[in-house]
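Student: Submitted below is the structure of interest, expressed as structure tokens.
The values are calculated or read from the model by the stated rules, or taken from the named source; none is laboratory data. The shown structure was predicted, so the numbers you read here are calculated from the model rather than taken from an experiment. Glycine also receives a Cβ, built like all others from the backbone with ideal geometry; neighbour counts cover every protein chain displayed. Accessible surface areas use protein heavy atoms only, side chains included; no ligands, DNA or RNA. Shrake-Rupley method; radii C 1.70, N 1.55, O 1.52, S 1.80 Å.
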Amino acid sequence: MKITLEALAVLDAIVRRGSFAAAAAELHRVPSAITYQVRKLEDELAVALFDRHGHRARFTAGGREVLAAGRALLRGADALERGVRQSASGWEADLRIVVDALVPWGLVWPLATAFYAHCARHDVPPTRLHLTREVRGGTWDALADGRADLAVGATGDVPGRGYRTRVLARVSMVFAVAPGHPLAGARDPLPAGIIRRHRAVVAADSSRHLPTRTVGLLDGQDTLTVPDLDSKIAAQAAGLGCGFLPVHLARGHIASGRLIVKRVEEALGIPGRMLLAWRSERPGHAHAWWVAALSRKRLAAELAGAGARAPNGRPRTRGLAAAGRSV
């Protein structure tokens, strides 16, 4: 190969520093060595990289093209070098975390802040975090498909072998409707036959490869499908339909009266656990840090919405009430 990383670094230094002499000083070389490196590269490429007419050498069109492509190569080489050093230290260069729609982002940001602080405190190059959002089966799908290294808040059955899991929390679910919805004034507990007559709002399962899952629906029930839990809560508060909602996400709407909780005869297969899940392969230090941080009991209580209060000051739900029961 005629172009070396050393030659590209010389061109980059010349442009950044403004002259051959300044580039030589930065690279701890004599100016004649810089001039020789440039002329050697020009001879090998058979292209003039600099226009030397006048008092100051300027890049030719060919020189600018070589510099632009060269800088991309230099960045790639630097990233490769840093990644190899980081992997050798046991800290991953990248960590991909999929966060289920059941988990509020407000609980993730403090953990990310603590993680970066931990890396800085221990002089560890920070692992690049890649956070994505999925709904229901999509969370497992991201893990199974290799798009994520760690799944936070996965629900339902584990899709096969080769996974390790920990229970983060048990989800308290309630059946809720807007005050103006026809079911708001119906007598509790609501039988399935009555619920079936009314449209259900459904958060679409985002799975790409694994079978999609639908929960909380009755056969023949009309549906309005929305992209996530936030839009599901908003649609139900707007009176567009009914359905089960996680207490820790809906409690603000419930406390303000925008949603009314109704008791039902059947829980309709609502999943009760949120899991922390990952593949069984040996993880690195960043992965281990997140598993430990997410396994804390305090976080589990926050995820489950424990301690939420009704307007009368009494607990609206029992701390870790299991979903899948009549509520």
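Student: Please go through region 227-282 and pick out each residue that is polar (S, T, N, Q) and under 29 Å from the mean Cα position of the chain (by Cα).
Tutor: Ser231, Gln236, Ser280 - these are the residues of region 227-282 that are polar (S, T, N, Q) and under 29 Å from the mean Cα position of the chain (by Cα).
Student: In the list Val98, Val47, which residue meets the criterion of being under 30 Å from Leu249 (Cβ atoms), surrounded by 12 or more Cβ atoms within 10 Å (Cβ to Cβ), at pLDDT 75 or above and in contact with a helix residue (DSSP H, G or I) (Cβ under 6 Å, 6 or more places away or on another chain)?
Tutor: When all the criteria are applied, what remains is Val98.
Student: Oh, and also: Among (1) farther than 28 Å from Pro159 by Cβ; (2) in contact with a helix residue (DSSP H, G or I) (Cβ under 6 Å, 6 or more places away or on another chain); (3) open to solvent by less than 20 Å² (accessible area, probe 1.4 Å), where does Thr127 come up short?
Tutor: Evaluating Thr127 over (1) farther than 28 Å from Pro159 by Cβ; (2) in contact with a helix residue (DSSP H, G or I) (Cβ under 6 Å, 6 or more places away or on another chain); (3) open to solvent by less than 20 Å² (accessible area, probe 1.4 Å) leaves (1) as the failure.
Student: If you go through region 184-202, how many residues are part of a loop (DSSP other than H, G, I, E, B), farther than 14 Å from Val174 by Cα and not charged (D, E, K, R)?
Tutor: Looking only at that region, the number is 3.
Student: For region 227-243, name all the residues that are part of a loop (DSSP other than H, G, I, E, B) and among the small types (Gly, Ala, Ser).
Tutor: The answer is Ala238, Gly239, Gly241.
Student: Could you run through region 95-126 and say how many residues are of a type in the set (Lys, Arg) and without any contact (Cβ under 8 Å) to a residue 40 or more places away in the chain?
Tutor: The qualifying residues number 1.
Student: Among the candidates Ala300, Ala277, Ala304, Ala286, which residue alone is open to solvent by less than 10 Å² (accessible area, probe 1.4 Å), modelled with pLDDT under 90, in contact with a strand residue (DSSP E or B) (Cβ under 7 Å, 6 or more places away or on another chain) and more than 21 Å from Leu190 (Cα to Cα)?
Tutor: After ruling out the rest, the residue left standing is Ala304.
Student: Does Val247 fit the bill of being touching a Pro at 6+ places or on another chain (Cβ under 9 Å), more than 18 Å from Gly180 (Cβ to Cβ) and open to solvent by less than 10 Å² (accessible area, probe 1.4 Å)?
Tutor: Considered against the rule, which asks whether it is touching a Pro at 6+ places or on another chain (Cβ under 9 Å), more than 18 Å from Gly180 (Cβ to Cβ) and open to solvent by less than 10 Å² (accessible area, probe 1.4 Å), Val247 comes out as no.
Student: So which residues in region 1-20 are acidic (Asp, Glu) and surrounded by 15 or more Cβ atoms within 10 Å (Cβ to Cβ)?
Tutor: Asp12
Student: Would you pick out the residues in region 139-180 that are of a type in the set (D, E, K, R) and touching a residue at least 40 places away in the same chain (Cβ under 8 Å)?
Tutor: Asp141, Asp145, Arg147, Asp149, Arg164, Arg166, Arg170
Student: Pull out all pairs, ordered by first then second residue, where Cβ-Cβ is under 7 Å, the residues are six or more apart or on different chains, the first lies in region 20-47 and is closer than 18 Å to Leu67 by Cα, and the second is of a type in the set (A, V, I, L, M, F, W, C) and open to solvent by 70 Å² or more (accessible area, probe 1.4 Å).
Tutor: Ala24/Val30
Student: Same structure again: Considering only residues that are under 28 Å from Leu143 (Cα atoms), in contact (Cβ under 8 Å) with a residue 40 or more places away in the chain and open to solvent by less than 40 Å² (accessible area, probe 1.4 Å), which ones fall in region 207-242?
Tutor: Ser207, Gly216, Leu229
Student: Residues being modelled with pLDDT under 95, closer than 14 Å to Val174 by Cβ and part of a strand (DSSP E or B): count how many of those fall in region 246-274.
Tutor: 2
Student: If you don't mind, there's one more thing I want to ask. Of the numbered conditions (1) touching a helix residue (DSSP H, G or I) at 6+ places or on another chain (Cβ under 8 Å); (2) open to solvent by less than 60 Å² (accessible area, probe 1.4 Å); (3) under 28 Å from Ala93 (Cβ atoms); (4) not in a strand (DSSP E or B), Gly156 fails exactly one; give the number of that condition.
Tutor: Gly156 satisfies every listed condition except (3).
Student: Can you tell me which condition Val30 does not meet? The list is (1) of a type in the set (A, V, I, L, M, F, W, C); (2) surrounded by fewer than 13 Cβ atoms within 10 Å (Cβ to Cβ); (3) modelled with pLDDT under 85, and all the others hold.
Tutor: (3)
Student: Here is a further query. Scan region 52-72 residue by residue and report those that are in contact with a strand residue (DSSP E or B) (Cβ under 6 Å, 6 or more places away or on another chain) and open to solvent by 70 Å² or more (accessible area, probe 1.4 Å).
Tutor: Residue satisfying the conditions is Arg58 alone.
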